[in-house]
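Notes for the one structure printed next.
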Amino acid sequence: MSQHRQLAAIMFTDIEGYTAVMQQSEQQALALKNRHREVLQHEHRQYNGRIIQYYGDGTLSIFQSAVEAVECALAMQLAYLQTPQVPVRIGLHMGDVIFDEEQLFGDGVNIASRIESLGVAGSVLISDKIQDEIINHTGISTYSVGLYQFKNVERQVEVFALDHEDLVKPVPNSLKGKTEEKKTRPFRNPKKPSSKSIAVLPLVNLSNDPEQQYFSDGVAEEIINSLSNLQDLKVAGRTSSFKFDRKNVDLREVGEKLGVSTVLQGSVRKQGNRLRITVQLTKVDDGFHLWSERYDGSMDDIFAIQDEIAQAITEKMKVTLLEKGRSRIKKNSAPNTEAYELYLKGRFNVNRRGAYIITGIELLQKAIEADPNFALAHADYADANMLAGLYGLLPPKQVMHKAKQSAEKALKLNPVLGEAYCALGSYYCYIWDLHEAEKHFLKSLELNPNYAQTHLRYGLNFLAWMKGDFVQAEEHGKMAIKLEPLSAICYGIYAQILHTAGKFSEALAACKTGLELDPNSFLCHLYEGYSYLFLQQYEEAVAVLDRLVLLSNKHNFAHGALVMALGKMGNFDRARKELNDLKERAEKEYIVCTVIGIAAGWVSDNLDDAFQYLERGFQEHDPLLVSIKHEHWVPDALRADPRYQKLLEKMDSPNKLLSARASS
């Protein structure tokens with residue numbers, strides 16, 4: 001690939017708080033992003049800027065003149081401060097860059113990204129190098145906001161802000177950004193990483209349509225999945241790898257946090273049916289490029305290209321490929337391109353969690369309709385239905401049997417899909433068949449010991465909730481975190497395991513770490529509340545759960561936990577009011593009956609009400625019911641009632657349950 005160097009003024013922008021807005025209102029978030037790009041494109045035309053890349057809610061661009069770059073940034077912020085306002089951060093730096101017509105590299109890009117990370121919406125921050133270029137320009141006024149030591153930048157950088165009456169003026173020496181490392185995470189491996197270890201970062205979307213991000217993410221994820229099947233190669237998990245900023249990546253930071261020696265980066269440009277995929281494999285310790293390649297082709301070539309990339313990586317990293325491993329890298333059969341795009345869109349939505357899982361299910365169903373022999377689509381459809389049942393998004397009777405059928409179909413098409421065995425293990429947990437659940441989880445781990453989801457589900461749903469083997473459950477929770485050290489979901493589920501084991505302080509610590517990684521993590525907030533509750537810190541528990549009920553739009557898991565917390569702290573008037581609200585909602589929408597039953601057990605004088613809902617949960621085949629044997633949220637009065645033991649005995653008879661279900 002041809003590369004050349006040039007001196008440029010580099011601009012980074014992004015929308016402050018965009019993720020939180022997206023979770024509240026996708027329509028509002030889209031309007032913000034469109035307005036952001038409309039202004040940016042207009043002003044770049046006016047000031048001779050060149051937009052290099054779009055990154056979801058942010059951008060990277062360059063200018064030949066520092067003065068024009070600053071004037072453009074000022075004009076943009078003045079426009080963003082007008083109605084409709086867009087909260088944008090802007091950072092500028094002047095430096096030498098490497099340009100290959102597809103991406104921009106170099107220390108200059110790194111420093112510009114760091115400066116933008118300090119930004120305050122409504123302000124413009126510039127480096128000392130930009131300041132030197134504009135200092136004699138009479139139309140521009142600035143002031144220093146302090147010296148900052150950015151990560152992996154040898155010198156301190158003095159940062160300046162534009163001093164304009166209509167702009168936000170940051171307080172000097174108060175800015176927070178990518179300036180220092182956070183505290184060491186639990187389970188971080190301090191050893192030098194193996195030479196046979198890799199992280200595949202999300203590929204940059206260079207298409208004209210920013211909505212094509214699902215496709216570039218999907219290509220990267222497919223490469224991860226292919227490489228993860230090789231037991232001779234350590235591959236960082238998808239969730240942790242995708243935590244890194246697409247705009248500018250500090251490879252040493254990636255290596256340290258993920259415990260890998262090499263990183264694969266690249267980009268995807270998709271125009272109609274034509275593709276260009278550019279990738280490069282780099283050593284994290286010295287930045288040496290081991291290999292790079294550009295692939296041009298059509299959508300019909302995508303599977304062959306992904307196979308070629310995976311094969312090339314194994315050769316460059318001297319991974320020994322036996323025939324078994326080679327067959328796992330190569331696709332058994334290539335689906336048609338329509339099915340593949342629907343599959344990538346579906347998986348993209350499932351990975352976003354929340355209500356997006358429903359959208360993902362619909363798209364994966366369409367992928368299967370487009371190609372009934374697409375094994376991966378069946379496996380992901382099974383998993384998405386399982387998640388919808390587990391998180392109370394859809395009635396379990398509506399989704400659990402579909403999940404089982406699709407997982408079994410996936411295995412008929414491809415018998416070595418560990419993901420499908422994991423889905424079946426989850427299914428057998430939810431019909432309370434211990435033998436079949438463990439058999440399928442262990443088969444999943446045999447096929448792919450690096451699949452974090454299997455460790456989490458085997459650890460929580462089987463070992464902790466069903467078997468009560470907390471020592472082994474914790475080991476699998478720790479293994480999941482080792483595989484996905486930057487995943488808040490892993491910390492949230494590990495906290496569930498610890499909570500079930502009665503280790504409430506440790507569960508709280510795990511939640512706190514998860515919330516550092518993702519301040520919006522539902523699971524971490526939920527078990528933060530539960531941990532405070534069982535540590536008898538009732539006011540803290542109610543405060544956390546009150547906020548979660550609001551932020552999650554009254555998700556029934558959070559609403560039920562709030563009822564429990566109010567009951568334990570003695571606020572029975574409000575607890576009964578919230579419980580009645582939960583019951584009324586159940587008449588109009590799907591609410592997990594186990595949630596209502598447990599909540600009623602904490603506040604109702606008569607346990608008939610609680611057992612009525614628990615029995616309905618049994619009849620509805622509620623996945624959460626599997627937790628009541630060992631979880632601490634079941635009140636003592638309910639455990640002491642003979643009906644509790646009878647319910648557990650019925651759950652120990654999966655064959656009878658299946659017969660009853662088949663005849664219903």
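If Arg89 meets every condition in (1) crowded, with 23+ Cβ neighbours inside 10 Å; (2) modelled with pLDDT of 95 or more; (3) touching a helix residue (DSSP H, G or I) at 6+ places or on another chain (Cβ under 7 Å) apart from one, which number is that one?
Going through the list (1) crowded, with 23+ Cβ neighbours inside 10 Å; (2) modelled with pLDDT of 95 or more; (3) touching a helix residue (DSSP H, G or I) at 6+ places or on another chain (Cβ under 7 Å), Arg89 breaks only (2).
Select, from Ser267, Ser240, the only residue that is outside any strand (DSSP E or B) and surrounded by 17 or more Cβ atoms within 10 Å (Cβ to Cβ).
Going through Ser267, Ser240 in turn, the sole match is Ser240.
Pull up the range 260-306, narrow it to residues that are of a type in the set (Asp, Glu) and closer than 26 Å to Pro193 by Cβ, then point me to the one that is modelled with the lowest pLDDT.
Asp286
Evaluate the following for Leu251: is it out of contact with any Asp or Glu (no Cβ under 7 Å at 6 or more places or on another chain) and farther than 29 Å from Ala379 by Cα?
Yes, satisfied.
Could you please find all residues in the range 40-94 being among the small types (Gly, Ala, Ser) and not in a loop (DSSP other than H, G, I, E, B)?
Those that are among the small types (Gly, Ala, Ser) and not in a loop (DSSP other than H, G, I, E, B): Gly58, Ser61, Ala66, Ala69, Ala73, Ala75, Ala79, Gly91.
Could you say which residue among Tyr491, Tyr532 is modelled with pLDDT of 90 or more, buried (at least 21 other Cβ atoms within 10 Å of the Cβ) and more than 17 Å from the chain's Cα centre (by Cα)?
Only one candidate qualifies: Tyr532.
Quickly run through the range 92-129 and pick out the residues that are out of contact with any helix residue (DSSP H, G or I) (no Cβ under 8 Å at 6 or more places or on another chain) and on the phi > 0 side of the Ramachandran plot.
Selection gives Glu101, Gly106.
Tally time: how many residues in the range 297-315 are among the polar types (S, T, N, Q) and touching a residue at least 40 places away in the same chain (Cβ under 8 Å)?
Summing the residues that are among the polar types (S, T, N, Q) and touching a residue at least 40 places away in the same chain (Cβ under 8 Å) in the range 297-315 gives 2.
Tell me which of these Val626 doesn't satisfy, since it passes every other one: (1) surrounded by fewer than 19 Cβ atoms within 10 Å (Cβ to Cβ); (2) in contact (Cβ under 8 Å) with a residue 40 or more places away in the chain; (3) within 20 Å of Trp432 (Cβ to Cβ).
(1)
Quick one: how many residues across the range 449-484 are surrounded by fewer than 24 Cβ atoms within 10 Å (Cβ to Cβ) and either more than 22 Å from Leu624 (Cβ to Cβ) or in contact with a strand residue (DSSP E or B) (Cβ under 8 Å, 6 or more places away or on another chain) (or both)?
So the answer is 8.
Please return the ranges of strands (runs of 3 or more DSSP E) entirely within the range 116-230 where 3 or more residues are within 22 Å of Ile51 (Cβ to Cβ) and modelled with pLDDT of 85 or more.
124-127
Testing Val416 on (1) over 26 Å from Glu589 (Cβ atoms); (2) at pLDDT 90 or above; (3) surrounded by fewer than 24 Cβ atoms within 10 Å (Cβ to Cβ), one condition comes back false. Which one is that?
(2)
Can you tell me which residue in the range 424-474 is nearest to the chain's Cα centre (by Cα), limited to those that are charged (D, E, K, R) and assigned to a helix (DSSP H, G or I)?
Selected residue: Arg457.
Which residue out of Gly122, Gly146 is small (Gly, Ala, Ser), in contact with a Leu (Cβ under 9 Å, 6 or more places away or on another chain), more than 30 Å from Val268 (Cβ to Cβ) and surrounded by fewer than 18 Cβ atoms within 10 Å (Cβ to Cβ)?
Gly146
The values are calculated or read from the model by the stated rules, or taken from the named source; none is laboratory data. The structure presented is a predicted model; accordingly, all values stated were derived computationally and were not measured. Cβ atoms come from the backbone with ideal geometry, glycine included; neighbour counts cover every protein chain shown.
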